[in-house]
1. Order of 127-133, 14-20 by packing, highest average Cβ count within 10 Å first?
2. Please report Rg over Rh for the stretch 96-181, where both radii come from the alpha carbon positions and Rh follows the Kirkwood definition.
3. Using packing as a proxy for protection, rank 44-51, 148-155 so that the peptide with the highest average count of other Cβ atoms within 10 Å comes first.
4. With +1 on each Lys and Arg Cβ and -1 on each Asp and Glu Cβ, how big is the dipole of the stretch 116-183 about its Cα centre, in debye rounded to the nearest 20?
5. Just how large is the dipole of the stretch 5-87 about the Cα centre, in debye to the nearest 20, putting +1 at every Lys and Arg Cβ and -1 at every Asp and Glu Cβ?
6. ³J(HN,Hα) across the stretch 147-159 via Karplus (A = 6.51, B = -1.76, C = 1.60, θ = phi - 60°), whole Hz, x for Gly/Pro?
7. Set the Förster radius R0 to 35 Å, insert the Cβ-Cβ distance between Asp125 and Gln45 as r into 1/(1 + (r/R0)^6), and round the FRET efficiency to 0.05.
8. Note down the nm distance, to one decimal, between modelled labels 7 Å out along Cα→Cβ at Val5 and at Lys155.
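Read the figures in this text as sums done on the coordinates, not as results from a lab. Worth saying up front: this structure is predicted, and the values here are computed from it rather than measured. Positions of Cβ are backbone-derived with ideal geometry, glycine not excepted, and every protein chain shown enters the neighbour counts.
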Amino acid sequence: MSEGVGIAIGHRIRGLREQAGWTQDRLARAVSLHGVSWTQARVRQVEAGNITPDLTVLIAVARALASFHGPLPVSVLLPDGDLTDAVSGKPMTPPLLVNARPVTESLDWTRADDKAALDLGLDADHFAMLTDYVYGHTASVERDERAGADATPQKRGRVMRGVIEELREALPRWEQHRADTEM
């Protein structure tokens, strides 16, 4: 949503107030009956999005408007999204990028992964997502598994070049997968 939370809440409060046929002053008096000292000027500021009310105020507004609309959950005053989900008791989930194990938190990330990302023209985060998609771990872990524990630096380099080529070939498939899952 491009508008701010305060503006969205203000629009919803104004819409419900107007549906009830109430003035800003009447809403202010009704909210004050529910323990929040409100004035007509405060209602105007909230409806304009200049002030974002806290949860205590939103509860009082919902109770005040319920005298006209019937039982009214606080979530009806909120914009759709995480805020509504949180008030409704829905558990929060991390965004997709967090699930992709960001590179800054990976203990398996090495300089070889930095170099491979650069070779493929990807930033570290996108390279980490690509290798996670293809192998389920970093490119350097894949290299080490293939090369073996007693591999020479030359063998590790040769194996890493093969891993990079596989990733280069998988790149279009991964980009399509990302495009499909972001829709």
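1. Ranked by mean Cβ neighbours within 10 Å, highest first: 127-133, 14-20.
2. 0.96
3. Sorting 44-51, 148-155 by mean packing, highest first, produces 44-51, 148-155.
4. Dipole of the stretch 116-183, to the nearest 20 debye: 380 debye.
5. For the stretch 5-87, the charge dipole is close to 380 debye.
6. 6, x, 5, 9, 5, 6, x, 5, 5, 4, x, 5, 5
7. The value I calculate is 0.30.
8. Spacing of the two 7 Å Cα→Cβ label points: 5.6 nm.
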